[in-house]
Amino acid sequence: MKIVIIGGVAAGAKAAAKSRRMLPDAEIDIYTQDTHVSYSACGLPYYIEGNFEDWQKLIIRSVDEFEKNNIHIHLLNRVIKILPIDKKIIVKDLNTEKLSFVEYDKLVIATGSAPRMSDFPNINLKNIYTLRTLEDGIAIKQTMNEVENITIIGGGYISIELLEAFVKNGKKVTLIEKTPYILSVFDEDISSLIQTYILENCDNRVKLITDDIVSEFLGEETIKGVLTAKGSGFETEMVVISAGVRPVVDIAEEAGIALGITGAIKVNSRMETSIPDIYACGDCTEKINIISNSPVWIPLGSTANKEGRVAAVNLCGGTEDFEGILGSAVTRYLDLTISMTGLSEKFAQKLGYDTVSVVITKKDKAGYMPEVENITLKLVADRRSHRILGAQAIGCGDADKKINSISIGLSNRVTVENLLDVDFTYAPPFSTSVDILHSGARMLKSKLS
């Protein structure tokens with residue numbers, strides 16, 4: 001069998017490795033327009049921050065390691081067309097511009113996502129970056145060390161991680177977000193708390209401009225300033241555009257592969273596309289939200305790895321299903337952990353749920369312990385069924401542990417009453433005698449009654 005994989009970062013690399021373990025004699029080729037394969041893109045902000053100096057630590061498996069397992073890596077090779085009837089792809093060698101036809105028995109599309117770009121005037125000025133590849137991370141870190149004033153466009157997870165990196169390196173940062181609050185995937189009551197923490201813990205190095213967008217970049221050869229639609233203007237020496245990403249689906253769509261309502265490739269639970277023998281996985285694919293059973297597009301590295309494995313199992317003749325996601329995520333800004341799972345209240349209401357929610361702040365350990373910190377938790381439930389729909393937690397304590405606990409329950413349709421019955425661990429260095437999840441569930445039950 002000949003297996004061809006388009007893309008080799010997370011999902012593509014996982015699909016190749018699992019396919020090799022299942023089919024030792026298969027011919028496996030990865031084609032990628034990138035200069036590296038199998039690396040942790042999620043680790044780039046922490047490399048920029050200076051948590052480690054050697055960017056090669058981000059490489060999970062080298063080309064040589066793949067080749068030793070008889071998986072052939074074709075770097076700087078862009079797949080420009082899929083021919084499903086002929087079961088071939090057309091590949092362009094970016095070094096030589098040469099085109100070639102490659103046959104396949106099974107094809108895996110793992111083309112990932114790409115930064116969303118607007119047509120700003122002067123967008124091609126020097127020192128304007130996006131963060132996607134290793135080269136992007138290396139260039140941003142080098143330029144960061146040469147400048148003092150930096151602008152971030154966008155207020156999502158990556159933007160907050162870059163903000164932390166720049167602040168820790170003593171830079172002055174302006175962040176521009178088009179919605180009224182940063183991290184708009186959270187509800188406003190939680191986003192506003194995150195925003196307050198950032199402004200109170202930035203040593204006057206951070207300026208947040210919300211509910212506004214960039215209208216123009218200023219400069220001749222190198223970026224010198226930014227203008228916004230509402231009239232803000234300021235000097236800057238560097239810009240990182242982190243205003244979201246889009247699924248890379250061009251060649252799939254051109255080949256007649258069905259897209260979902262989110263604009264990403266539509267797949268079933270076995271990662272099969274609408275065309276036989278073509279699979280898709282990772283950031284280019286649509287997911288199913290486990291809570292609402294509705295299509296969503298939430299690109300995460302953890303999901304990409306799971307989907308790569310499932311695609312490999314099924315194309316190799318096995319049977320495995322990927323049931324969907326909760327959108328569980330975590331990041332941080334300095335000492336503040338920021339985490340969520342399931343549906344936010346605003347998204348749940350958009351889907352038609354009659355929601356009830358509570359927000360509670362509590363210590364993460366016994367109050368007399370020296371390392372005690374606060375956690376603020378929001379729980380969202382469905383008024384009719386009492387089912388927990390989602391949770392958001394922030395704090396300098398172990399907020400992510402509470403979200404991980406809830407995520408297990410969400411997958412099993414946990415109700416408010418079920419949550420009250422959970423036997424959480426307790427000892428003063430680890431928790432309070434009444435866990436914050438119990439306290440939140442008790443408040444929810446009171447509201448529901």
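For region 402-419, name all the residues that are surrounded by 15 or more Cβ atoms within 10 Å (Cβ to Cβ) and more than 29 Å from the chain's Cα centre (by Cα).
Answer for region 402-419, where residues must be surrounded by 15 or more Cβ atoms within 10 Å (Cβ to Cβ) and more than 29 Å from the chain's Cα centre (by Cα): just N418.
For region 162-186, give me each residue that is in a loop (DSSP other than H, G, I, E, B), touching a strand residue (DSSP E or B) at 6+ places or on another chain (Cβ under 6 Å) and either of a type in the set (A, V, I, L, M, F, W, C) or in the same structural domain as L379 (by TED's automatic domain parsing) (or both).
F186
When only residues in region 1-25 that are farther than 12 Å from I59 by Cβ, buried (at least 24 other Cβ atoms within 10 Å of the Cβ) and of a type in the set (A, V, I, L, M, F, W, C) count, which is farthest from the chain's Cα centre (by Cα)? Break it down into steps so the answer makes sense when it comes.
First, pick out the residues of region 1-25 that are farther than 12 Å from I59 by Cβ: 1-7, 10-12, 14-25.
Add one more test, that the residue is buried (at least 24 other Cβ atoms within 10 Å of the Cβ), and what stays is 3-7, 10-12, 14-16, 19.
Narrowing further to those that are of a type in the set (A, V, I, L, M, F, W, C): 3-6, 10-11, 15-16.
On the way: I3: 27, V4: 25, I5: 22, I6: 20, A10: 12, A11: 13, A15: 19, A16: 22 Å.
Out of the qualifying residues, it is I3.
Hey, does region 438-447 have a residue that's over 30 Å from K168 (Cβ atoms), part of a loop (DSSP other than H, G, I, E, B) and touching a residue at least 24 places away in the same chain (Cβ under 8 Å)?
Initial filter on region 438-447 (over 30 Å from K168 (Cβ atoms)): 438-447.
From what is left, the residues that are part of a loop (DSSP other than H, G, I, E, B) are none.
Looking for residues that are over 30 Å from K168 (Cβ atoms), part of a loop (DSSP other than H, G, I, E, B) and touching a residue at least 24 places away in the same chain (Cβ under 8 Å), one finds none in region 438-447, hence no.
Evaluate region 337-345: report whether one residue or more is more than 30 Å from F430 (Cβ to Cβ), aliphatic (A, V, I, L, M), surrounded by 22 or more Cβ atoms within 10 Å (Cβ to Cβ) and at pLDDT 95 or above. Before the answer, list the steps.
Applying the first criterion (more than 30 Å from F430 (Cβ to Cβ)) to region 337-345 yields none.
The answer is no; no qualifying residue exists.
Quick one: which of K141, K126 is exposed (fewer than 13 other Cβ atoms within 10 Å of the Cβ), under 30 Å from I209 (Cα atoms) and touching a residue at least 40 places away in the same chain (Cβ under 8 Å)? Lay out the reasoning, then the answer.
On the way: K141 fails: exposed (fewer than 13 other Cβ atoms within 10 Å of the Cβ).
The unique qualifying residue is K126.
In the list A391, A399, A366, A381, which residue meets the criterion of being at negative phi, touching a residue at least 60 places away in the same chain (Cβ under 8 Å) and touching a helix residue (DSSP H, G or I) at 6+ places or on another chain (Cβ under 7 Å)?
Numbers: A391 fails: touching a residue at least 60 places away in the same chain (Cβ under 8 Å); A399 fails: touching a helix residue (DSSP H, G or I) at 6+ places or on another chain (Cβ under 7 Å); A366 fails: touching a helix residue (DSSP H, G or I) at 6+ places or on another chain (Cβ under 7 Å).
Sole residue among the options that is at negative phi, touching a residue at least 60 places away in the same chain (Cβ under 8 Å) and touching a helix residue (DSSP H, G or I) at 6+ places or on another chain (Cβ under 7 Å): A381.
Looking only at region 187-212, which residues are in contact (Cβ under 8 Å) with a residue 60 or more places away in the chain and in contact with a strand residue (DSSP E or B) (Cβ under 8 Å, 6 or more places away or on another chain)? Spell out the reasoning first.
First, pick out the residues of region 187-212 that are in contact (Cβ under 8 Å) with a residue 60 or more places away in the chain: 187-190, 193-194, 197-198, 201.
Matches in region 187-212: D187, D189, I190, L193, I194, Y197, I198, N201.
Determine which member of the set I89, I28, I85, I80 is assigned by TED's automatic domain parsing to the domain that holds C281, under 18 Å from S100 (Cα atoms), of a type in the set (V, I, T) and within 27 Å of the chain's Cα centre (by Cα).
On the way: I89 fails: within 27 Å of the chain's Cα centre (by Cα); I28 fails: within 27 Å of the chain's Cα centre (by Cα); I85 fails: within 27 Å of the chain's Cα centre (by Cα).
Of the residues listed, the single one that is assigned by TED's automatic domain parsing to the domain that holds C281, under 18 Å from S100 (Cα atoms), of a type in the set (V, I, T) and within 27 Å of the chain's Cα centre (by Cα) is I80.
Within region 82-121, restricting attention to residues that are more than 20 Å from L23 (Cβ to Cβ) and small (G, A, S), which residue is surrounded by the most Cβ atoms within 10 Å (Cβ to Cβ)?
By that ranking, first place goes to G112.
Of these, A391, A399, A427, A441, which one is among the aliphatic types (A, V, I, L, M) and surrounded by fewer than 17 Cβ atoms within 10 Å (Cβ to Cβ)?
Values: A391 fails: surrounded by fewer than 17 Cβ atoms within 10 Å (Cβ to Cβ); A399 fails: surrounded by fewer than 17 Cβ atoms within 10 Å (Cβ to Cβ); A441 fails: surrounded by fewer than 17 Cβ atoms within 10 Å (Cβ to Cβ).
From the options A391, A399, A427, A441, the qualifying one is A427.
For every residue, the table says whether it meets (1) farther than 30 Å from N169 by Cβ; (2) among the charged types (D, E, K, R).
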residue	(1), (2)
S357	yes, no
I360	yes, no
L379	yes, no
R384	yes, yes
R387	yes, yes
G395	no, no
G409	yes, no
N412	yes, no
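Among the candidates G50, G12, G8, single out the residue that is outside the structural domain of V310 (by TED's automatic domain parsing) and not β-branched (V, I, T).
On the way: G12 fails: outside the structural domain of V310 (by TED's automatic domain parsing); G8 fails: outside the structural domain of V310 (by TED's automatic domain parsing).
Exactly one of G50, G12, G8 is outside the structural domain of V310 (by TED's automatic domain parsing) and not β-branched (V, I, T), namely G50.
One residue is enough: does region 48-56 have a residue meeting the conditions farther than 20 Å from G282 by Cα, touching a strand residue (DSSP E or B) at 6+ places or on another chain (Cβ under 7 Å) and of a type in the set (V, I, T)?
Filtering region 48-56 for residues farther than 20 Å from G282 by Cα gives 48-56.
Of the ones still in play, those that are also touching a strand residue (DSSP E or B) at 6+ places or on another chain (Cβ under 7 Å) are none.
There is no residue in region 48-56 that is farther than 20 Å from G282 by Cα, touching a strand residue (DSSP E or B) at 6+ places or on another chain (Cβ under 7 Å) and of a type in the set (V, I, T).
Can you tell which of E161, E148 is farther than 29 Å from Y31 by Cα, at pLDDT 95 or above, buried (at least 20 other Cβ atoms within 10 Å of the Cβ) and of a type outside the set (A, V, I, L, M, F, W, C)? Full working, then the answer.
Values: E148 fails: buried (at least 20 other Cβ atoms within 10 Å of the Cβ).
After applying the criteria, what remains is E161.
The values are calculated or read from the model by the stated rules, or taken from the named source; none is laboratory data. Because the structure is predicted, anything quoted here is derived from the model rather than measured. Glycine also receives a Cβ, built like all others from the backbone with ideal geometry; neighbour counts cover every protein chain displayed.
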